[in-house]
Every structure is written in structure tokens, then in C-alpha cells.
Amino acid sequence: MAVSGGASSLACARAGRRWRFFTDEEAATAAAICDRIIPPDEDPGAVETGAVEFLDRQLKGHYRHWQQTYRRGLREIDEAARASYGRAFAALDEAEQLAMLREREKTPFFRLITDHTMQSFYGDPRHGGNRDFASWRMLGIANPPVRGRQQYDLRASK
């Protein structure tokens, strides 16, 4: 009985939260960074295709060993934005965000979040990014690959 009560309270605690790993402020900062890495244009950008959800999911799974790197990196960018502009990074305009990221583009955290944003955008949607196969459609991939299966035209074999 104690086990089911504990599981129930855990579910209730998570019910009000949107994110598995991020705080709301961290998610906003990550979203602003991701959309500067792959900005929206005539095609959806990183955020619209689920990059923040991808990062949030992976940081509780396969990317678990980078949790502290993300916490520290996002906090440092927000602190620098507040020191330079008096606002959180997500509240800056695009030009201010780009200026700050250009100063940090050779840092390990920026390289890491860039790699992970690209993985989200171009990877298989089953991992939480590339919502609606957006990048694959943008690249003209007609049939999204089905893992473990070949695409056959069965009509040709008759």
C-alpha cells in the first residue's frame, strides 16, 4: 500500500509541471538559444519542431550525464544577459541574443547545445524532436525511413 501511495504522490507532483528536467526559466533560455541556432523562416525552426521538448526528454535519459552542464550553461547565459542588458536571455531581441551567442560560440556548452539542437531537428521524431517530420520534408525526403524496414513497392511484384 505504501508503494502505490508513493507512486501516486509522485504522479501528482509531476502533474502540474510541464518539463521533466528544465525549470520554466531554463526552458525559455534553451528555446531562445535553439531558435538562434536554427531560426524559423519559410520552414519551422528548432523550437517549433520540438527541440526544447527533445532536450528536456533526453536530459532525463540518454543525456543525463550532461544535466549539470546544461544547468550551469543556461544559468551563465542568463546571468550574462542580465549583467549586460538587465533582462533574461529569452527577453532579449534577436540581435542581442546573437551578439551574446557569438561571444560564446567556441565554448563547450554552446557546442553541446548546438549539436543537440541539430540532432533534434534532423533526427527521428520518435526521440522527441523533428515534429511532423519538418526537417525531412524541408529536405525533400519523400518517405520517412521506417526503422528496420525497407520501403517496397508491392505493386511491382505482381
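Details
- In terms of overall dimensions, region 81-132 has a Cα radius of gyration and Dmax of 13.8, 39 angstrom.
- For 42, 96, the ranking by accessible surface with the largest value first comes to 42, 96, using a 1.4 Å probe.
- For the residues 116, 65, 127, a 1.4 Å probe over the protein chains yields an accessible-area ranking, largest first, of 65, 127, 116.
- At the residue level, residue 26 shows approximately 30 square angstrom of accessible surface with a 1.4 angstrom probe and all protein chains present.
- Surface composition of region 87-130: carbon plus sulfur atoms contribute 53% of the solvent-accessible area (1.4 Å probe, protein chains only, all chains present).
- Directionally averaged projected area (region 16-136, Cα convex hull): 7.5 nm².
The values are calculated or read from the model by the stated rules, or taken from the named source; none is laboratory data. Predicted model, so just to flag it, every value in this text is computed and none were measured. Heavy atoms of the whole protein, side chains included, go into the accessibility calculation; ligands, DNA and RNA do not. Shrake-Rupley method; radii C 1.70, N 1.55, O 1.52, S 1.80 Å.
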